[in-house]
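What follows is a set of notes on a single structure, which appears directly below.
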Amino acid sequence: MNKDLKTKLKILPFFSLESIKPQSKTNILPFLKYQKKKGEILGLKKGVYVSKGFVEREKLKQEFEIYLEFLANKLLEPSYLSLGYVLSKHSLISEAIYELTSITLKTSRRITNDLGIFSYFKIKPSLFCGWRLIKKGNFLIKEATKAKALFDFLYFQKRGLEKINPIFIKELRLNLEEMQSSDWFEFEKYLEISKSKKMKKIFKIIKEELK
């Protein structure tokens, strides 16, 4: 059973104890613990794993970043990639981003494992929008549009601030010239959904800065 199970696990992008139990948990749990101790299985979060063989194969295919994006979607559902991680892709942030940042309807949290850091920020249901399902390699990824990633980023940056002013915007060091008129049009849709006075003030300051 162990040999067949090891072969099966090598083709799975992730798995849980429940998803692979052809027999009782009593038989599988010691096997997983042993394989993890040997380094043949990596823990992604409590009760969720991936085989070392699968990870190595993704690295050889040079699709490892795509696989990590897929994992970011799956480690906490529902969620979509956004914030700094997506802004960096669109050159709206110059600094290197070392973690995969996502928006979720669940409690905000950070998941750290051997493959990376996955951060999640809770948003209200009405603003859980503005993402697309994108086919990348063998995976389908939920990722925010450029406009929604910027909106999400500013939405969480404003928290705790009593006053919104131009200095606050400049200190974020955003490359706002990367935004097109169609992006700003989309951004305004999220402003209306949010009904946030602070976000509307931020947008007003940004428009003044871009004149």
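The values are calculated or read from the model by the stated rules, or taken from the named source; none is laboratory data. Predicted, not measured: the structure shown is a model, and the values here were computed from it. Neighbour counts run over all protein chains shown; Cβ positions are idealised from the backbone, glycine included. The area values use the complete protein model at the heavy-atom level, side chains included, leaving out ligands, DNA and RNA. Shrake-Rupley method; radii C 1.70, N 1.55, O 1.52, S 1.80 Å.
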- Taking one equal scatterer on every alpha-carbon of the stretch 56-211, how large is log10 of I(q)/I(0) by Debye at q = 0.12, 0.14 1/Å? -0.52, -0.70
- Probe 1.4 Å, accessible area per residue of the chain, Å²: 56 Å²
- Message: Cross-link candidates for K198: which aspartates and glutamates have Cα within less than 14 Å, leaving aside residues fewer than 8 places away along the same chain?
- Response: D152, E162, E188
- Förster radius 25 Å - calculated FRET efficiency between K89 and K189, Cβ distance, rounded to 0.05: 0.75
- Could you check how much of the accessible area of the stretch 62-211 is carbon and sulfur, as a whole percent, using a 1.4 Å probe? 51 percent
- Note on the structure: One finds, for I134 and N27 with R0 = 35 angstrom and r their Cβ-Cβ distance, a FRET efficiency to the nearest 0.05 of 0.35
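Under a Cβ-only charge scheme (Lys and Arg +1, Asp and Glu -1), can you give me the dipole magnitude of the stretch 133-211 about the Cα centre, in debye to the nearest 20?
300 debye
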- Length-normalised contact order of the stretch 91-189, Cα under 8 Å, at least 6 apart, in percent, tallies to 25 percent
- Expressed in angstrom and rounded, the centroid-to-centroid distance over alpha carbons for the stretch 138-211 and the stretch 35-64 is 36 Å
- Run down the aspartates and glutamates and flag those whose C-alpha is under 15 Å from the C-alpha of K136, throwing out any fewer than 8 positions away in its chain. E58, E63, E65, E69
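With a cut-off of 8 Å between alpha carbons and a minimum separation of six or more residues, what is the relative contact order of the stretch 17-121 in percent?
Reported relative contact order: 19 percent.
Using 0.36 nm per residue, how much length does the chain from L172 to K59 gain when fully extended, once their Cα-Cα distance is taken away?
37.3 nm
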- Note on the structure: Rounded to 0.05, the calculated FRET efficiency for the beta carbons of K45 and K211 at R₀ = 41 Å is 0.30
- Message: Tell me the net charge near H90. Cut-off is 14 Å between Cβ atoms, H90 excluded, with +1 for each Lys or Arg and -1 for each Asp or Glu.
- Response: -3
- Given pairs K59/K146; K89/K195; K74/K207; K38/K146 and cut-off 32 Å on Cα-Cα distance, the over-length ones are K74/K207; K38/K146
- Message: Just want to confirm a number: the relative contact order over the chain, from Cα pairs under 8 angstrom separated by 6+ residues, in percent.
- Response: 16 percent
- To the nearest µm²/s, what D does Stokes-Einstein give for the stretch 66-129 at 25 °C and 0.890 mPa s, using the Kirkwood radius over alpha carbon pairs as Rh? 206 µm²/s
- Item | 17 Å Cα-Cα reach of K21 towards lysines, excluding residues that sit fewer than 8 places from it in its own chain | K3, K6, K8, K10, K33, K36, K46
- Send over the semi-axes of the stretch 1-147's equivalent ellipsoid, whole angstrom and largest first, taken as the square roots of 5 times the C-alpha gyration tensor eigenvalues. 30, 17, 13
